[in-house]
Amino acid sequence: MNITESVRKKVAVVILNWNGRALMEKFLPRVIACTPPEEADIVVADNGSDDGSVAMLREKFPSVRIVAFSRNYGFAEGYNRAVSEVEADYIVLLNSDVEVTPHWLDEPVGMLDGDATVAGVQPRILDFKDRRRFEYAGAAGGWIDCYGYPFCRGRVLHVVEEDTGQYDTPADIFWVSGACAVMRRAAYLEAGGLDAEFFAHQEEIDLCWRLRARGYRLRYAPGSVVYHVGGATLRMESPHKTFLNFRNNLLMIYKNMPDRELAGVMRLRFWLDGLAMLHFLLTGQFASAGAVIRARREYAKKKRAYQSVRRENLALTVVDPIPEMLRKSMLLSFYLKRKDTFAKLMS
């Protein structure tokens, strides 16, 4: 059934799939069981899979609506195309390796219903493999430091906290994780959606930066709990992931950083990226070292094409500085001052 033929509902839960048949079979039943059908449609957007995913979905999950693409558009453009197909007020970007829990949509939807300035909400994201701990790709909501390095409440660099109730209160955040993001569709479209040039990694942070700068709020909903496997698409140590993270982070900074800060930040980032490359070399990660070099070259090539995008973003900025941006170096605080938790960074 084509999604455009469905009855309009308030929420569309959109799961992007690429050769993830096993993940679909494992996690989709829980999504169906915990998502009220009278309120939300469940949509799988397939990025040209060749593992039989679509046939399996049609056979085993007939209630799920399928949007099938002819090729892999990546995370960013795949979601943009899927979002253009739905007509719900709210969309959920949900990774295929996420286990949801009963009533997982209640608090995020309530936040969006209660405040028109809220554009996105992230649940409490815990580790599927160790349920006492937060999960790397989101934890209790994202922040960013003054040099463009993202981190989370509950996860600073590689240090992930145990969930002991320290993030039990709703809070404003800088970015919502693409692992599970409940968003106002109109705001998503108004801000231009995810940057398709990013393909994958940090595209949700870039979108949230645009939304936050334009006056929208992003919120953390602790009463909504999901469990994320993480690393199911690209391994943590993947050189390609290193390339995407470094390149996209530089592009994101260029697109969104105010004029008064951009030049100084980019000068420092040149040296910090060099240190990262040196670290990879000294630890024998030669492919990752090369990925950093390729990322900086690719950034330099793409920078000119982003000049008009930058001008538009700055022209539409109404919140500056953004309160959820740490006004100091997260790296300096972490490595030199041993501040390895969100609470310590804030002290």
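Could you give the C-alpha radius of gyration of the stretch 266-347 expressed as a fraction of 2.2 N^0.38 Å, taking N as the number of residues it contains?
Compared with the compact-globule rule of thumb, the stretch 266-347 sits at 1.42.
With a 1.4 Å probe and every protein chain left in place, tell me how much accessible area L268 has, in Å² to the nearest 10.
In the full protein context, L268 sits at about 60 Å².
If you bin the C-alpha pair distances of the stretch 170-256 every 10 Å from 0, what whole percents do you get?
15, 45, 34, 6
When all C-alpha to C-alpha distances in the stretch 35-81 are sorted into bins of 5 Å, what percent of pairs does each bin hold, rounded to whole numbers?
Pairs per bin, as whole percents: 5, 19, 28, 21, 18, 7, 1.
Once the principal axes of the Cα atoms of the stretch 115-166 are found, what is the range along each, listed largest first in whole angstroms?
For the stretch 115-166, the Cα extents along the three principal axes come out at 34, 29, 18 Å.
Give the span of the stretch 1-106's Cα atoms along each principal axis, as three whole-Å numbers ordered largest to smallest.
On the principal axes, the stretch 1-106 reaches 34, 27, 24 Å in Cα extent.
If you build the convex hull over the alpha carbons only and average its shadow over all orientations, what do you get for the chain? Give it in nm² to one decimal.
Hull-based average projected area comes out at 16.9 nm².
If I histogram all Cα-Cα distances within the stretch 76-193 using bins 5 Å wide from 0, what percent of pairs lands in each bin?
2, 11, 20, 23, 21, 14, 7, 2, 0
Just the number, please: Stokes-Einstein D of the stretch 173-220 in µm²/s, Kirkwood Rh from C-alpha pairs, 25 °C, 0.890 mPa s.
228 µm²/s
Using a 10 Å cut-off on Cβ atoms, rank the peptides 290-303, 167-180 from the highest mean neighbour count down.
Packing proxy ranking, top to bottom: 167-180, 290-303.
Lysines within cross-link reach of K302: Cα-Cα under 19 Å, excluding same-chain residues under 8 positions apart?
Here the lysines satisfying the reach criterion relative to K302 are K241, K255.
Could you identify which residue out of F134, F198, F280 has the top mean-square fluctuation in a GNM of the chain using Cα springs shorter than 10 Å?
F280
Taking K and R as +1 and D and E as -1, what net charge do the other residues with C-beta under 10 Å from the C-beta of F75 add up to?
Around F75, the surrounding residues sum to -3.
Counting Lys +1, Arg +1, Asp -1, Glu -1, what net charge surrounds D130 among other residues with beta carbon under 12 Å of its beta carbon?
Residues near D130 contribute -1 overall.
The values are calculated or read from the model by the stated rules, or taken from the named source; none is laboratory data. Quantities reported herein were computed from a predicted structural model and do not represent experimental measurements. Ideal geometry is used to build each Cβ from the backbone, glycine not excepted, and the neighbour counts take in all protein chains shown. Quick note on the areas: whole protein, heavy atoms, side chains included, nothing else; ligands and nucleic acids left out. Shrake-Rupley method; radii C 1.70, N 1.55, O 1.52, S 1.80 Å.
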